[in-house]
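A quick write-up on the structure given underneath.
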Amino acid sequence: MNKKISAAVASAALVLGSSAANAGIIIPAGEWTLDVNGNVNVYATFYDLDQQGSITGGIYVNEDDNAEDKTQSINTGLLPAWLGFTGTTRQNDLDVSFTISMQPNVSDNGATGDGNGPLWRQAFLTFGDKSWGSIKMGKDLGIFAGNAILSDMTLLGVGSTGVYGNAGNSGNPTTLGGIGTGYIYPAWKGQITYTTPNFNGFTAKVGITNPNQSATASVTTTHQDRFGVEGQVEYAFSSGKVWVSALSMDMTNSDGDDWDAEAIDVGVNFNMGNFGLTAYYYVADGYGTTLPGLLGATSNGSERESDGGYVQATYVMPTGTKIGAAYGISTLDLATGEGPSSMVDENKRWTIGAYHPLTKHLNLVAEYNKTESEAQIGGLQNETDSLSVGAGNRNFRRYCVLHNY
């Protein structure tokens, strides 16, 4: 290893060892360029709970073992702590890259405080050329609803918290942001995806995704029968972008009942001066709510329809502080012949947030979130009011830029 590389690696180790997350570090390594990037987001959150009873599929914070209606936590927000490595090179007229990332926890409730392991959300390679597009192979964010979560202002904040905030995270809980209150989680999926070249702002992508086992809140396990198919068309212009994405899967439960799961969405992100506006809407059949496949069908395979969306307005003040307000809602309909129950009817959220750039890469964050869950049966409603204050950095946006989100 030559002196320049040694110095770069030493500098990287020094920065990564600090408590604040680093900016992307570029390390030349022969024919490759290595980008080391990451972030740490930490928030203190205070909860005020009004819980009337259990709602299957509802988003709310449960009272603790002593049935207290006020509680607190120190944890990450919607975005976990992140350490990523991306290598890029140009060989034989191809742009080639790989990305691997891990997401350590920043807190847990265990007696020793070290019981939670990291997540592993990314491991993929890409190759292509601007003349014909690119191919991605490996685990990365899903296509359907990907733009919805990446346009959510609570991505670098907290948003909703609740019973599904740690679903599938193996003891490393993140919050929900706007997941389940405006969009369905795109999830991290093994995939093979083709993305077209950029035609004066127009791009399209289509991919097959790994047939993951789906989330379920019933006694039956749900899984996919074939590759999922996801696609997106997007038009980006100087002040924003417009997109449409869709998804199709075949689902089966452990009783042998099967159904089709389909979803489509449309969104717009528009910026004019210091003002920003995002509007998003989705509709799904058999795909459920909040998490992929959650409550998408009854135990005998009868499909449930769902829809939702969110609107979000932001303004950057002369001080650089971005203030924003958002409202989101996700609804789930009963299947044909299904009677009212304690299953969720709608989850909705109001968010007011302030995000101040203390430095180029470090944000101070304050958010108020109110989340309400209503059951199909009348009169059953749970509410969570939360106030979060903390700090995080903005380097995850490097990922969004590098991967055309």
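Would a scan of segment 53-72 turn up a residue that is among the aliphatic types (A, V, I, L, M) and on the phi > 0 side of the Ramachandran plot? For segment 53-72, residues among the aliphatic types (A, V, I, L, M) and on the phi > 0 side of the Ramachandran plot: present.
Of all the numbered requirements in (1) at negative phi; (2) part of a loop (DSSP other than H, G, I, E, B); (3) touching a residue at least 40 places away in the same chain (Cβ under 8 Å), T278 misses one, and that requirement is (2). Taking the criterion of being in contact (Cβ under 8 Å) with a residue 24 or more places away in the chain and either within 17 Å of K205 (Cα to Cα) or of a type in the set (D, E, K, R) (or both), the residues of segment 234-248 that qualify are E234, Y235, A236, K241, V242, W243, S245, A246, L247. Of the residues examined, D345 is not one that is among the charged types (D, E, K, R), surrounded by fewer than 19 Cβ atoms within 10 Å (Cβ to Cβ) and in contact with a strand residue (DSSP E or B) (Cβ under 6 Å, 6 or more places away or on another chain). Restricting segment 244-269 to residues that are among the charged types (D, E, K, R) and surrounded by fewer than 22 Cβ atoms within 10 Å (Cβ to Cβ) leaves a set whose member that is nearest to G182 (Cα to Cα) is E262.
Among all positions in segment 284-291, there is at least one residue which is surrounded by 16 or more Cβ atoms within 10 Å (Cβ to Cβ), touching a residue at least 12 places away in the same chain (Cβ under 8 Å) and of a type in the set (F, W, Y).
Per-residue answers, yes or no, for (1) at pLDDT below 95; (2) polar (S, T, N, Q); (3) over 19 Å from M153 (Cα atoms):
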| site | (1), (2), (3) |
| --- | --- |
| S341 | yes, yes, yes |
| N369 | no, yes, no |
| E372 | no, no, yes |
| A375 | no, no, yes |
| G378 | yes, no, yes |
| S388 | no, yes, no |
| Y399 | yes, no, no |
| N404 | yes, yes, no |
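Going by what's in this entry, would Y47 be described as over 30 Å from D333 (Cα atoms), out of contact with any Pro (no Cβ under 8 Å at 6 or more places or on another chain) and either among the charged types (D, E, K, R) or in a strand (DSSP E or B) (or both)? Taking the combined requirement at face value, the residue does not satisfy it.
Selection of strands (runs of 3 or more DSSP E) fully inside segment 174-257 by the criterion of at least 2 residues being closer than 20 Å to G309 by Cβ returns 228-237, 240-253. Scanning segment 287-331 for residues that are small (G, A, S), at pLDDT below 95 and within 21 Å of the chain's Cα centre (by Cα) yields G288, G293, G296.
The values are calculated or read from the model by the stated rules, or taken from the named source; none is laboratory data. A quick note: this is a predicted structure, and the numbers were derived from the prediction, not measured. We place every Cβ from the backbone using ideal geometry, glycine too, and count neighbours over all the protein chains shown.
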